[in-house]
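A short worksheet on the structure shown next.
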């Protein structure tokens, strides 16, 4: 029985994702497809366009059999931590044979050699040298690798190549038996904001939805009809979030914090806490705060993740512990009949619990418990992330908390 694993954000599910899914199915001929998907926030630290249950529904309607949430502590992280968490979660299910992911190039040998570059004794000194001279982490990485392997830095700077390299690295690092399958991206590039074809990037689709007067109609040809219907429904319910709606709680919490608290926030280093502390009183919104703390050293995505972790309350020591353990559960967001059979197999083979009902593992009263297990601590941050997502919605009537306790996984026949 061949089981295919997919790692995705589906923000939203579009024709490019459908292309990737279809090609993967043709090549693997799987008995079932399991997707590990980010929750209500993305790897870049941004709010997802739609909540995690809506995006799971899109995925199931478009051919995925089972959607499992990547815990928040691995989602809003660097590409390395995101990939590591996702691969370890797929591996922990004990039934996935192949993982398929998109790349800008399909040269497995080249990407694999890049993934193994840390074994080169010349790499670390060169990498640290570039960091010392003011390059950002991604820039220092790309420059060091391109120099050692005599390849174009552009190959390493492409978003999907970066993730592909990290997936391969994680497979090696954790001795996973899962086989990688590289699918070259079709037409649209990750950061394109224009739409010129039926396949457009998720960035372009989100950009058009928020800026084009035609709204969702402007991207109708770029997304499956099932995605369009789900999104139209959520639009009518006024369920599209905005980071601007989190400006007041973020600034309020910042203005009531200390330098020490900021230092404990994941991603804070090299005096960045002082820059944030000095900027909080002159900033009037989330966007202006980002503008006031940005620098060449820190890409926006890293700053977004830092602010998100601060708002949710993640601490460096907690992340360090979670990185050691890896994902501690498989939280189900959606499934179909085939997915139900896959869940039975996971229960038979996996050592981690399957979570379909959060209250069986933690309750709202447990927030005050100082003796939470690591699983409960990890799950609690998922709950906080969901609460934060719904606070970002424009309609205050939707600002309901505790939806992780109330919502069941999406089941589609």
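The values are calculated or read from the model by the stated rules, or taken from the named source; none is laboratory data. These numbers were taken from a predicted model, which means no experiment stands behind them. We place every Cβ from the backbone using ideal geometry, glycine too, and count neighbours over all the protein chains shown.
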Next item on the list: Go through segment 29-46 residue by residue and tally those that are closer than 26 Å to residue 349 by Cα and buried (at least 19 other Cβ atoms within 10 Å of the Cβ).
Entry: 9
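Looking at residue 163, is it modelled with pLDDT of 90 or more and at negative phi?
Values: modelled with pLDDT of 90 or more: yes; at negative phi: yes.
So residue 163 passes the test.
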Item checked: In segment 132-153, the residues that are surrounded by fewer than 18 Cβ atoms within 10 Å (Cβ to Cβ), at pLDDT 85 or above and in a helix (DSSP H, G or I) -> 146, 147, 148, 149
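Are there any helices (runs of 4 or more DSSP H) wholly within segment 13-128 with 3 or more residues that are touching a residue at least 40 places away in the same chain (Cβ under 8 Å) and more than 14 Å from the chain's Cα centre (by Cα), and if so which?
On the way: elements: 15-28, 52-61, 72-75, 79-92, 108-115.
Per the criteria, 15-28, 52-61, 79-92, 108-115.
Here's the yes/no breakdown for (1) under 25 Å from residue 198 (Cα atoms); (2) buried (at least 24 other Cβ atoms within 10 Å of the Cβ); (3) at pLDDT 95 or above; (4) out of contact with any helix residue (DSSP H, G or I) (no Cβ under 9 Å at 6 or more places or on another chain):
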| residue | (1), (2), (3), (4) |
| --- | --- |
| 6 | yes, yes, yes, no |
| 10 | yes, yes, yes, no |
| 27 | yes, no, yes, yes |
| 61 | yes, no, yes, no |
| 65 | yes, yes, yes, no |
| 75 | no, yes, yes, no |
| 89 | no, yes, yes, no |
| 94 | no, no, yes, no |
Check: Which pairs do you get when a residue that is at pLDDT 95 or above, found in segment 174-203, comes within reach of a residue that is in a loop (DSSP other than H, G, I, E, B), reach meaning Cβ atoms under 7 angstrom, with the pair 6+ apart or on two chains?
Finding: 178/96; 178/97; 179/97; 182/106
Note to self: Name the single residue that is nearest to the chain's Cα centre (by Cα) among those in segment 389-403 being in contact (Cβ under 8 Å) with a residue 12 or more places away in the chain and not in a loop (DSSP other than H, G, I, E, B).
What the structure shows: 389
Next item on the list: Residues being crowded, with 19+ Cβ neighbours inside 10 Å and farther than 21 Å from residue 53 by Cα: count how many of those fall in segment 208-221.
Entry: 2
Next item on the list: Please work out if residue 290 is in a helix (DSSP H, G or I), without any contact (Cβ under 8 Å) to a residue 40 or more places away in the chain and within 30 Å of residue 203 (Cα to Cα).
Entry: yes
Note to self: One residue is enough: does segment 301-321 have a residue meeting the conditions within 30 Å of residue 94 (Cα to Cα) and touching a strand residue (DSSP E or B) at 6+ places or on another chain (Cβ under 9 Å)?
What the structure shows: no
Check: Looking at segment 243-263, which of the residues that are out of contact with any helix residue (DSSP H, G or I) (no Cβ under 9 Å at 6 or more places or on another chain) and not in a helix (DSSP H, G or I) is surrounded by the fewest Cβ atoms within 10 Å (Cβ to Cβ)?
Finding: 256
Margin query: Could you go through segment 313-325 and let me know if any residue there is closer than 30 Å to residue 31 by Cα and within 21 Å of the chain's Cα centre (by Cα).
Written below: yes
Next item on the list: Go through segment 266-287 residue by residue and tally those that are closer than 30 Å to residue 374 by Cα and either out of contact with any helix residue (DSSP H, G or I) (no Cβ under 6 Å at 6 or more places or on another chain) or not in a helix (DSSP H, G or I) (or both).
Entry: 7
